[in-house]
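This report refers to the structure that appears directly beneath it.
The values are calculated or read from the model by the stated rules, or taken from the named source; none is laboratory data. Keep in mind it's a predicted model, so treat the numbers as computed, not measured. Every residue, glycine among them, receives a Cβ derived from its backbone with ideal geometry; neighbour counts consider all protein chains shown. These accessible areas exclude ligands, DNA and RNA; they are computed on the full protein's heavy atoms, side chains included. Shrake-Rupley method; radii C 1.70, N 1.55, O 1.52, S 1.80 Å.
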Amino acid sequence: MPLTDAPLDELVVYRPETQAPPDFDEFWERTLAEARSAGGVVEAADVTDRHLLRTVEVADVRFPGFGGEPVAAWLLRPRGSAGPLPVVITYIGYSGGRGLPTDHLLWSAAGYAQLVVDSRGQGHDTPDRTAGGTQWAKGFMTRGIDSPDDYYYRRLITDCVRAVDAVGHLPGVDPERVVVAGGSQGGGLTIAVAGLARDRVAAALPDVPFLCHFRRGAELCGEGPYVEIAEYLRWHSRHGVEPAFTTLSYFDGVHFAQRATAPALFSVGLMDPICPPSTVYAAFNHYAGEDRTMTVWPFADHGGGYGSNPVTQLEWLRDRALAP
């Protein structure tokens, strides 16, 4: 695949001027306060034997998300661990859900606890019950785009922050050592949580993150979810362009990055046709935390470092005293 964006020497200094809405912080404070006031309980049922795993303990978790609605997750821990363990909260890529516990064995093999969060409406176990507004194109990128209050990612990001809230109610995990992680959509959600729950996140691992610098993504991409925005605007270009990007500005990873302070390890693929490298660097170069590192995969597509990336993450966490 060819390079999909600017040369690396331009990317490393790419820091576009972006303006968060003036009520950005108030919007999210209100959103999270409403979710927390809706109540709900955290439940964890042991299902280890059902999955025939001998070295890992598995719990099927439900925790309250947006509107107090139950969100599904898996909690995986090394069998017999004394705890409390550092916990990696994992967010999932676009159109995927939590899958099966056997899909997520790396972190427990390394001695961590892991909470794998389902994506409402995308996975099979957490419906998007309160979907509002209009959806103009396939997928999730335009669901409720008429209004920030109705937009799909308001609900999903709230679920992801509430996963951090849930950690303190789960067995064997250390709420003082919370690592948030994910790739693509999961990477964008990681940045959002690092910005919204900055006092409770010890480290962030956003890989090839999506949901950053929406306008540039919609302008550059010929494949992937950003295309959904372009398709919508193709038919609503007369009056819909600026209102759509105003809604999206409440959910842009660049604005969350400006509020995030935890140590962060990003990754980028310079041949990524789905999340252009400049959108990743836009978030990285605006990231407020002083300890931020970018892993560059020069010939990688949207898979980034593939199997090499977890080794980089494990070493990076070890060097920051976040290993079990």
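Determine the per residue accessible area of the stretch 232-324 with all protein chains present and a 1.4 angstrom probe, expressed in square angstrom. Before the final figure, lay out each step's value.
On the way: 3810 Å² over 93 residues.
Normalised by residue count, the accessible surface of the stretch 232-324 is 41 Å².
Output ³J(HN,Hα) for the stretch 7-13: one whole-Hz value per residue in order, computed from phi by the Karplus curve 6.51 cos²θ - 1.76 cosθ + 1.60 with θ = phi - 60°, and x for Gly and Pro.
Using θ = phi - 60°, the values come out as x, 4, 5, 7, 5, 5, 10 Hz.
Could you state the accessible area per residue of the stretch 1-107 in Å², with a 1.4 Å probe and every protein chain left in place? Display every interim value, and only then the final one.
Values: 5580 Å² over 107 residues.
Per residue, the stretch 1-107 has an accessible area of 52 Å².
How much length, in nm to one decimal, is gained on full extension between His236 and His124, taken as 0.36 nm per residue of separation minus their Cα-Cα distance?
On the way: separation 112, 0.36 × 112 = 40.32 nm, distance 3.17 nm.
Between His236 and His124, full extension yields 37.1 nm more.
Report, by chain and number, residues whose modeled amide H sits under 5 Å from the one on Arg259, excluding near sequence neighbours (fewer than 5 apart, same chain).
Distant-sequence amide H within range of Arg259: Ala288.
Please state the relative contact order of the stretch 251-305 as a whole percent: Cα pairs under 8 Å, 6+ residues apart?
Working: 95 pairs, mean separation 26.8, N = 55.
Over the stretch 251-305, the number comes to 49 percent.
Taking +1 at the Cβ of each Lys and Arg and -1 at the Cβ of each Asp and Glu, which of Gly68, Trp297, Pro22 sits farthest along the dipole of the chain towards its positive end, judged by Cα position relative to the Cα centre?
Result: Gly68.
In the chain, carbon and sulfur make up what percent of the accessible area (probe 1.4 Å)? Can you show the working numbers first?
Numbers: 6790 of 13140 Å².
Here it works out to 52 percent.
Among 76-85, 213-222, 106-115, how do they line up from the highest to the lowest mean number of other beta-carbon atoms within 10 Å? Spell out each step's value before the answer.
Details: 76-85: 16.9, 213-222: 19.7, 106-115: 21.9.
Listed from highest to lowest mean packing, they are 106-115, 213-222, 76-85.
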